[in-house]
């Protein structure tokens, strides 16, 4: 069996494949490891590039763009391995990037997933927004990272070099125990993209698996490779999927008060977009909430399925305060100053 399957999901990213795939092959040379490129129905030269330049790489071709979540879900069902690494096509790996994570997983059978320290490819002294040095969420369901609060990203000065338990690992580079992934039910394709990895990690934690950051491993992430940060559709997915995430995973007693709070906060956010002339962003927030309410019946069914398959275990590790309060009221921009 394959020890580690490094699975790169690609959609019209031939420029990233040209830039970063050679490094993945060079620095992932364990004899029992394998690299897979999964093409999500690209219309560029991605497939022909892989076939011509890397004929020995395992290539899985889809005829449509299934998004991040469903694309990986469909691909991983075709791959038998002890561990999976979900690796974005816009990630630069470094020498010995894989082994610290593999050793951490080998040493602790209770570890379901881990991630490396993630730095910004274009500003290499700083952490990268999507994962930094490990992911968390606050009491209102807003994600943040060790090294990134809201849009404030810290400089890497060695302050987060210790391996530690986290709430979620970034899907840009996520090391997964395949058996744990299967027990958790895999990625939820209805998310399409964004926050699906938090949903998966939440389910892993409900099963009793740990999630960890292993800073001895370092990668550099470009970020925004498929959907730029200023894209209204990306904003829509972030708002909608955050509501999906909370509705699926919170206890029943928590859902109603939290949704009321989020309706107010998201409404204020939408008004800010409207009054600053960002009409497309204003509409994205409204569409996100509309889509969420429309899909509540399906989410209720998912909750029932998860309750049977996974149980109702309370999950620790959620920050007990509000990142919005820390950021805007206390003016705190640094993870290490949070009051746990």
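The values are calculated or read from the model by the stated rules, or taken from the named source; none is laboratory data. Please read all numbers here as calculations on a predicted model, not as lab measurements. Heads up, the Cβs are rebuilt from the backbone with ideal geometry, glycines too, and the neighbour counts pull from every protein chain shown.
When the range 24-52 is filtered for residues that are in a helix (DSSP H, G or I), touching a residue at least 24 places away in the same chain (Cβ under 8 Å) and over 22 Å from the mean Cα position of the chain (by Cα), the ones remaining, listed by number, are 25, 46, 49, 50.
As for the range 60-75, it holds at least one residue that is buried (at least 17 other Cβ atoms within 10 Å of the Cβ), in contact (Cβ under 8 Å) with a residue 60 or more places away in the chain and out of contact with any helix residue (DSSP H, G or I) (no Cβ under 9 Å at 6 or more places or on another chain).
Of the residues 285, 256, which is under 23 Å from the mean Cα position of the chain (by Cα), farther than 19 Å from residue 200 by Cα and either outside the structural domain of residue 198 (by TED's automatic domain parsing) or modelled with pLDDT of 90 or more (or both)? Give the steps one after another, and end with the answer.
Details: 256 fails: under 23 Å from the mean Cα position of the chain (by Cα).
It is 285.
Taking the range 16-45 as the range and being out of contact with any strand residue (DSSP E or B) (no Cβ under 6 Å at 6 or more places or on another chain), within 22 Å of residue 69 (Cα to Cα) and surrounded by fewer than 22 Cβ atoms within 10 Å (Cβ to Cβ) as the test, the residues that pass are 16, 42, 43, 44.
Looking only at the range 94-126, residues that are assigned to a strand (DSSP E or B) and farther than 23 Å from residue 205 by Cβ come to 3 in all.
Results for (1) surrounded by 22 or more Cβ atoms within 10 Å (Cβ to Cβ); (2) assigned to a helix (DSSP H, G or I); (3) out of contact with any strand residue (DSSP E or B) (no Cβ under 8 Å at 6 or more places or on another chain), shown as yes or no for each residue.
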site	(1), (2), (3)
170	yes, no, no
174	yes, no, no
180	yes, yes, no
183	no, yes, yes
186	no, no, yes
190	no, yes, yes
197	yes, yes, no
201	yes, yes, no
205	yes, yes, no
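Kindly establish whether residue 56 is assigned by TED's automatic domain parsing to the domain that holds residue 176 and assigned to a loop (DSSP other than H, G, I, E, B). So residue 56 passes the test.
Evaluate the range 93-105: report whether one residue or more is farther than 21 Å from residue 243 by Cα, touching a residue at least 60 places away in the same chain (Cβ under 8 Å), under 16 Å from the mean Cα position of the chain (by Cα) and buried (at least 23 other Cβ atoms within 10 Å of the Cβ). Looking for residues that are farther than 21 Å from residue 243 by Cα, touching a residue at least 60 places away in the same chain (Cβ under 8 Å), under 16 Å from the mean Cα position of the chain (by Cα) and buried (at least 23 other Cβ atoms within 10 Å of the Cβ), one finds none in the range 93-105, hence no. Filtering 274, 338 for residues that are over 20 Å from residue 133 (Cα atoms) and surrounded by 14 or more Cβ atoms within 10 Å (Cβ to Cβ) leaves a single hit, 274.
Here are some conditions: (1) at pLDDT 95 or above; (2) farther than 21 Å from residue 251 by Cα; (3) out of contact with any strand residue (DSSP E or B) (no Cβ under 9 Å at 6 or more places or on another chain). Residue 148 meets all but one. Which one does it not meet? Going through the list (1) at pLDDT 95 or above; (2) farther than 21 Å from residue 251 by Cα; (3) out of contact with any strand residue (DSSP E or B) (no Cβ under 9 Å at 6 or more places or on another chain), residue 148 breaks only (3).
In this structure, does residue 314 turn out to be in a loop (DSSP other than H, G, I, E, B), out of contact with any strand residue (DSSP E or B) (no Cβ under 6 Å at 6 or more places or on another chain) and under 21 Å from residue 137 (Cα atoms)? Judged against the criteria, residue 314 is a match.
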